[in-house]
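S.K.: Submitted below is the structure of interest, expressed as structure tokens.
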Amino acid sequence: MNIYKDILVFDNTYREIIKDSDEEQVIIHNIINHINDLKAKPTQNQWNDIWSSTTNIPEWFNNQQRIYRFNNGFITTQNNFLEKDIVDYLRTYIYRKYLHKNTWLIEFGCGSGHNLDHFVDLGYSKFNIYGSDFARSALQKLESRGIASFYFDMYNSEYEELPEVLKFYPKDCIVFTCGAMEQLGNQFGHFYNLLLKMNAGLYIHIEPLIELYDQDNTLDKLAIQYHHKRQYLNGFLDRLQISNRINILECTRTTFGTLYNEGYNILIWQQT
Ligand SMILES: C[S@@+](CC[C@H](N)C(=O)[O-])C[C@H]1O[C@@H](n2cnc3c(N)ncnc32)[C@H](O)[C@@H]1O
């Protein structure tokens, strides 16, 4: 994967915003204002409302501002859907490199299930897929498309509530999250213990990882502030890295994100 080269393939309209230019200063000013006014992440009820009122493609993918973080700066583009295009690109990379036939894919915090739809479009069997969420409206969306689903709250659901396939054939299962562990903040311990207990064949995450920012970099400092204010995932990568039971196969900082943070790092690991 070479996102710096490949981004041109699906967006030849983007341009870099020049470092320290007036244009960049205005963007930074707007980010600071936004962080000051920021509310906490959505509650379970709010997620329920979000998924009952949207199509399968999340609304946040339609970005009217068309300014993104990329490669330690900002870019602007004609393409409202660049974020979706990047996610498509990352999912395709994951599909080709890690999703083999004869495995089951289980996504936690799957929302509308658009990640699962894309893996099916790429060739993954629809019958080997499970989506789960703590928003019932999200599960209804999956059911209406014939995708197996189950209620699971990463904060406090238990091992017994997992699908049978994960209990009986764990090594044939791939656990996947995308912007979902993000929501757990520093309260990821319960789910982390469950991940280990699952003993799955592979764990794949596309998530914001606060550990990857450079604390001395101005733009990264803003992203760190945003991450804290939203109470996003904090400490998960550190926890994996200090465990002698875990082998991290890939940890890629893609450097792509919205104006505010980089939500699309790739983290892939196995238990030893
Ligand atoms: C940012 S959305 C990401 C949805 C989807 N994975 C995607 O890539 O579009 C976060 C999702 O996590 C779910 N979620 C948040 N906290 C959760 C929890 N404690 N247990 C299960 N799902 C949760 C929300 O309902 C929502 O669907």
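The values are calculated or read from the model by the stated rules, or taken from the named source; none is laboratory data. Note that the coordinates shown come from a computational prediction; the quantities given were computed from them, not determined experimentally. Because the Cβ atoms are built from the backbone with ideal geometry, glycine has one as well, and the counts that use them run over all protein chains shown.
S.K.: So ASN63 ticks every box in (1) more than 26 Å from ASP214 (Cβ to Cβ); (2) outside any helix (DSSP H, G or I); (3) within 15 Å of the ligand (Cβ to nearest atom); (4) more than 14 Å from the chain's Cα centre (by Cα) but one. Which box is left unticked?
M.R.: Only one criterion in (1) more than 26 Å from ASP214 (Cβ to Cβ); (2) outside any helix (DSSP H, G or I); (3) within 15 Å of the ligand (Cβ to nearest atom); (4) more than 14 Å from the chain's Cα centre (by Cα) is unmet by ASN63, namely (1).
S.K.: While we're on this one: Suppose the filter is touching a helix residue (DSSP H, G or I) at 6+ places or on another chain (Cβ under 6 Å) and not β-branched (Val, Ile, Thr); does ASP11 pass it?
M.R.: Yes, satisfied.
S.K.: Among (1) part of a helix (DSSP H, G or I); (2) within 14 Å of the ligand (Cβ to nearest atom); (3) farther than 28 Å from ASP214 by Cβ, where does ILE106 come up short?
M.R.: The one condition ILE106 does not meet is (1).
S.K.: Still on this structure, please answer the following. List the pairs whose first member sits in the stretch 47-74 and is farther than 28 Å from LYS19 by Cβ and at pLDDT below 90, whose second member is surrounded by 15 or more Cβ atoms within 10 Å (Cβ to Cβ) and among the hydroxyl-bearing types (Ser, Thr, Tyr), and whose Cβ atoms are under 9 Å apart, counting only residues at least 6 apart or on separate chains?
M.R.: Pairs that qualify, where the first residue is farther than 28 Å from LYS19 by Cβ and at pLDDT below 90 and the partner is surrounded by 15 or more Cβ atoms within 10 Å (Cβ to Cβ) and among the hydroxyl-bearing types (Ser, Thr, Tyr), are SER53/SER137; THR54/SER112; THR55/SER112; ASN56/SER112; ILE57/SER112; PRO58/SER112.
S.K.: Out of curiosity, is TYR151 surrounded by fewer than 22 Cβ atoms within 10 Å (Cβ to Cβ), within 14 Å of the ligand (Cβ to nearest atom) and among the aromatic types (Phe, Trp, Tyr)? So that I can check it myself, show each step before the final result.
M.R.: Numbers: surrounded by fewer than 22 Cβ atoms within 10 Å (Cβ to Cβ): yes; within 14 Å of the ligand (Cβ to nearest atom): yes; among the aromatic types (Phe, Trp, Tyr): yes.
It is true that TYR151 is surrounded by fewer than 22 Cβ atoms within 10 Å (Cβ to Cβ), within 14 Å of the ligand (Cβ to nearest atom) and among the aromatic types (Phe, Trp, Tyr).
S.K.: Across the stretch 183-204, what is the total count of residues that are outside any helix (DSSP H, G or I) and either within 18 Å of LYS41 (Cα to Cα) or away from the ligand (no atom under 14 Å from the Cβ) (or both)?
M.R.: Qualifying residue count, the stretch 183-204: 9.
Matching residues to (1) more than 8 Å from the ligand (Cβ to nearest atom); (2) surrounded by fewer than 18 Cβ atoms within 10 Å (Cβ to Cβ); (3) more than 15 Å from the chain's Cα centre (by Cα):
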{"site": "GLY146", "(1), (2), (3)": "yes, yes, yes"}
{"site": "TYR155", "(1), (2), (3)": "no, yes, yes"}
{"site": "CYS178", "(1), (2), (3)": "no, no, no"}
{"site": "MET181", "(1), (2), (3)": "yes, no, no"}
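S.K.: Filter the stretch 110-127 down to the residues that are more than 15 Å from the ligand (Cβ to nearest atom) and part of a loop (DSSP other than H, G, I, E, B), then identify the one that is nearest to TYR98 (Cα to Cα).
M.R.: Once the filter is applied, the top-ranked residue is TYR124.
S.K.: Now for a separate question. Please find, among ILE57, ILE50, ILE35, the residue that is within 16 Å of the ligand (Cβ to nearest atom), part of a helix (DSSP H, G or I) and β-branched (Val, Ile, Thr).
M.R.: ILE50 is the lone residue from the list that is within 16 Å of the ligand (Cβ to nearest atom), part of a helix (DSSP H, G or I) and β-branched (Val, Ile, Thr).
S.K.: Residue by residue through the stretch 224-272, note down the ones that are touching a strand residue (DSSP E or B) at 6+ places or on another chain (Cβ under 6 Å) and aromatic (Phe, Trp, Tyr).
M.R.: Once the filter is applied, which keeps residues that are touching a strand residue (DSSP E or B) at 6+ places or on another chain (Cβ under 6 Å) and aromatic (Phe, Trp, Tyr), the stretch 224-272 yields PHE256, TYR264, TRP269.
S.K.: Now for a separate question. Please give the number of the condition LEU209 fails out of (1) touching a helix residue (DSSP H, G or I) at 6+ places or on another chain (Cβ under 6 Å); (2) of a type outside the set (S, T, N, Q); (3) over 20 Å from ILE94 (Cα atoms); (4) in contact (Cβ under 8 Å) with a residue 12 or more places away in the chain.
M.R.: (3)
S.K.: Run TYR232 past the list (1) of a type outside the set (S, T, N, Q); (2) in a helix (DSSP H, G or I); (3) crowded, with 17+ Cβ neighbours inside 10 Å and report the number of the one that doesn't hold.
M.R.: The single condition TYR232 does not satisfy is (2).
S.K.: Pairs under 6 Å by beta carbon, first residue on the phi < 0 side of the Ramachandran plot in the stretch 153-171, partner more than 15 Å from the ligand (Cβ to nearest atom) and of a type outside the set (A, V, I, L, M), six or more apart or different chains?
M.R.: Between residues of the stretch 153-171 that are on the phi < 0 side of the Ramachandran plot and residues that are more than 15 Å from the ligand (Cβ to nearest atom) and of a type outside the set (A, V, I, L, M), the close pairs are TYR159/LYS197; VAL165/TRP104; LEU166/CYS173; PRO170/ASN199; LYS171/GLY201.
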